[in-house]
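Below you'll find the structure, written out as structure tokens, and then a few comments.
The values are calculated or read from the model by the stated rules, or taken from the named source; none is laboratory data. Bear in mind the structure is a predicted one, so any value in this text is a computation, not a measurement. Positions of Cβ are generated from backbone atoms using ideal geometry, with glycine treated the same way; all protein chains shown enter the neighbour counts.
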Amino acid sequence: MEKILIIDDDKMLRMVLSKALLREGYQVLEAADGDRGLEVVRQEHPDLVITDFQMPGTDGLEVLTEVQKLRINLPVIMLTAFGEVELTIKSVQFGAYDFLEKPVDPDQLRRTVRQALDSVKTSEQLDVIKQDEHLIDERLPEEAVLVGKTQQMKRIFKNIGLISMNRVNVLIQGETGTGKELIARLIHYSGNTKDKPLVVVNCSALTETLLESELFGHVKGAFTDSIRDKKGKFELAGEGTIFLDEISEISPNIQIKLLRVIQELEFERVGGETIIPMKARIITATNKSLEKLIEEGKFREDLYYRLKVFTINLPPLRERREDIHDLVVHFLNKLNKRFDKKVNKIGDGVIEMLQQHNWQGNVRELENTILQAIIMSRNDVLDKEDITLNTRSGGKIEEVQDFSWIRSLADLEKFHIERILEETSWNKVEASRILGITRPTLNAKIEKYEISQ
Ligand SMILES: Nc1ncnc2c1ncn2[C@@H]1O[C@H](COP(=O)(O)OP(=O)(O)OP(=O)(O)O)[C@@H](O)[C@H]1O
Ligand SMILES: [Mg+2]
């Protein structure tokens with residue numbers, strides 16, 4: 001028989017809950033305050049804890065934290081009073097399974113309790129994920145870990161091995177989010193450049209003039225506001241690597257300058273005369289077809305051949321679906337660490353579901369999907385219900401949602417409120433009911449977080 005512990009200083013409430021749960025066939029234990037509650041947890045090993053927030057002595061949040069320490073897989077349901085949204089959010093952050101608003105609705109109680117207990121059962125049947133050992137390479141920084149066992153990816157690994165020891169220029173081609181920057185880093189860190197600088201320039205982010213001075217530097221007075229000499233990225237890269245991302249975006253003028261640098265292995269700062277030698281390896285990346293741009297007369301063919309001494313074509317994720325499992329394991333490990341979470345099991349059918357998705361945003365989209373699921377997860381299992389997949393609209397690539405901005409409690413609160421508002425189609429009455437806050441409070445928060453429809 002499953003044991004449920006109720007911790008609340010309100011005797012009446014304990015009785016009501018107790019009765020409802022006994023009727024469902026559970027064994028019920030009671031404690032009138034947090035300290036006694038924790039005693040019972042230690043001695044009686046309940047399967048589930050329902051605890052109040054505000055109690056004399058050890059409060060609900062402390063109970064929750066302690067329970068987590070005692071037994072990670074013991075679900076805790078918090079009892080909240082109307083309007084305790086801060087506490088509610090905090091409790092979820094601290095790992096509460098769910099919360100029930102007082103006065104407790106018996107149906108809701110039954111459902112939530114059942115769900116919580118079932119989630120433990122599911123979790124107990126699943127194995128803890130294991131990181132592939134060959135991925136743990138102490139010599140490489142974490143941001144250069146590349147996952148992939150498919151033929152296509154193995155060939156790429158081999159090529160990286162070959163080119164990392166030779167300073168040839170490399171052109172990396174692939175759709176957005178396929179890992180072009182990651183490959184560039186890996187090439188840099190795998191070879192004899194690894195202790196030299198790696199300099200990254202996003203060519204699409206700057207205007208032509210700014211990009212030119214960014215790449216080559218300038219001398220004092222070259223522009224009206226250049227009050228001192230400035231080194232460019234080529235100089236900063238020294239004997240290391242310069243990674244030019246989105247190379248398709250550079251103007252004809254910069255294309256000529258770049259060609260010259262590659263041919264003559266030297267350059268001058270903008271407005272300067274001193275000749276500076278160029279020793280860096282140039283890695284470029286593009287998600288557009290340079291060949292097509294050449295046909296259209298937008299990219300110089302001679303530069304193209306100088307850049308693509310070696311070419312790496314990264315296949316889209318949908319063409320290597322067998323890698324999805326390893327990638328999920330990798331991202332769970334990486335993101336658990338970053339967000340201090342413990343989602344280390346994968347639910348039934350999850351991988352199959354992910355393998356059926358189209359992944360227009362490729363590995364980045366997968367990483368974001370896992371991040372979102374980790375945030376949503378209420379236990380240690382990555383479940384189907386926690387996963388939201390982007391749906392395509394008319395075959396066009398949809399904006400891939402980025403959740404890495406969620407850091408603080410306030411971020412999380414904003415995110416949660418936005419989600420509920422969307423879910424309720426901005427029905428504020430409904431939204432404030434779900435959120436457990438009053439409408440004026442909801443309005444205040446919408447304003448505070450600048451949430452708009
Ligand atoms: N094979 C892989 N193994 C592990 N992580 C990967 C892999 N491929 C991509 N990633 C991760 O996916 C994210 C996106 O990769 P990256 O930024 O390298 O893509 P990109 O091709 O440069 O995208 P864009 O064209 O949009 O700039 C990064 O967090 C990266 O670490
Ligand atoms: Mg990139």
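Here are Leu206, Leu210, Leu258: which of them is on the phi < 0 side of the Ramachandran plot, of a type in the set (A, V, I, L, M) and at pLDDT 95 or above?
So the residue among Leu206, Leu210, Leu258 that is on the phi < 0 side of the Ramachandran plot, of a type in the set (A, V, I, L, M) and at pLDDT 95 or above is Leu258.
Give me a count of the residues in the stretch 240-263 that are away from ligand 2 (no atom under 16 Å from the Cβ) and within 33 Å of the chain's Cα centre (by Cα).
Adding up the residues that qualify gives 1.
Against the definition (within 16 Å of Leu17 (Cα to Cα) and among the aromatic types (Phe, Trp, Tyr)), how does Phe99 come out, yes or no?
On the way: within 16 Å of Leu17 (Cα to Cα): yes; among the aromatic types (Phe, Trp, Tyr): yes.
The answer is yes for Phe99.
With the stretch 218-316 as the region, which strands (runs of 3 or more DSSP E) entirely inside it contain at least 1 residues that are within 16 Å of ligand 1 (Cβ to nearest atom) and exposed (fewer than 15 other Cβ atoms within 10 Å of the Cβ)?
Details: elements: 241-245, 281-286, 310-314.
Because the criterion is at least 1 residues that are within 16 Å of ligand 1 (Cβ to nearest atom) and exposed (fewer than 15 other Cβ atoms within 10 Å of the Cβ), the strands (runs of 3 or more DSSP E) in the stretch 218-316 that meet it are 310-314.
Could you check, for the stretch 422-440, whether at least one of its residues is assigned to a helix (DSSP H, G or I) and within 19 Å of Ala373 (Cα to Cα)?
The answer is yes; a qualifying residue exists.
Are any residues in the stretch 250-274 in contact (Cβ under 8 Å) with a residue 40 or more places away in the chain, farther than 30 Å from Gly191 by Cα and out of contact with any helix residue (DSSP H, G or I) (no Cβ under 7 Å at 6 or more places or on another chain), and if so, which ones?
Residues satisfying the conditions are Pro252, Gly271, Gly272.
Mind checking which pairs have a first residue in the stretch 237-249 that is in the same structural domain as Leu215 (by TED's automatic domain parsing) and a second that is within 15 Å of ligand 1 (Cβ to nearest atom) and of a type in the set (Ser, Thr, Tyr), Cβ under 6 Å, 6 or more apart or different chains?
Leu244/Thr284; Glu246/Ser204; Ile247/Thr284; Ile247/Thr286; Ser248/Thr286; Glu249/Ser204
Just to be sure, is Ala205 within 16 Å of ligand 1 (Cβ to nearest atom), surrounded by fewer than 20 Cβ atoms within 10 Å (Cβ to Cβ) and either among the aromatic types (Phe, Trp, Tyr) or closer than 26 Å to Ser289 by Cα (or both)?
Against the criterion (within 16 Å of ligand 1 (Cβ to nearest atom), surrounded by fewer than 20 Cβ atoms within 10 Å (Cβ to Cβ) and either among the aromatic types (Phe, Trp, Tyr) or closer than 26 Å to Ser289 by Cα (or both)), Ala205 qualifies.
What do you reckon, is Val76 within 16 Å of Val113 (Cα to Cα) and in contact with a Gly (Cβ under 9 Å, 6 or more places away or on another chain)? Even if it seems obvious, please write down each step before you answer.
On the way: within 16 Å of Val113 (Cα to Cα): yes; in contact with a Gly (Cβ under 9 Å, 6 or more places away or on another chain): yes.
Yes.
How many residues does the stretch 170-199 contain that are more than 10 Å from ligand 1 (Cβ to nearest atom) and not in a loop (DSSP other than H, G, I, E, B)? Talk me through it step by step, then tell me what you get.
Just the residues of the stretch 170-199 that are more than 10 Å from ligand 1 (Cβ to nearest atom), to begin with: 170-171, 187-199.
If we keep only those that are not in a loop (DSSP other than H, G, I, E, B) too, we end up with 170-171, 187-190, 198-199.
Residues meeting the conditions: 8.
So which pairs qualify, if the first residue must be in the stretch 5-22 and free of Cβ contacts under 8 Å to residues at least 24 places away in the same chain and assigned by TED's automatic domain parsing to the domain that holds Met55, the second must be among the aliphatic types (A, V, I, L, M) and surrounded by 18 or more Cβ atoms within 10 Å (Cβ to Cβ), the Cβ gap must be under 6 Å, and the two must be at least 6 apart or on different chains?
Between residues of the stretch 5-22 that are free of Cβ contacts under 8 Å to residues at least 24 places away in the same chain and assigned by TED's automatic domain parsing to the domain that holds Met55 and residues that are among the aliphatic types (A, V, I, L, M) and surrounded by 18 or more Cβ atoms within 10 Å (Cβ to Cβ), the close pairs are Arg14/Ile6; Ser18/Val28; Leu22/Val28.
Looking only at residues in the stretch 283-301 that are within 16 Å of ligand 2 (Cβ to nearest atom) and of a type in the set (A, V, I, L, M, F, W, C), which one is farthest from the chain's Cα centre (by Cα)?
If we take residues in the stretch 283-301 being within 16 Å of ligand 2 (Cβ to nearest atom) and of a type in the set (A, V, I, L, M, F, W, C), then Leu290 is farthest from the chain's Cα centre (by Cα).
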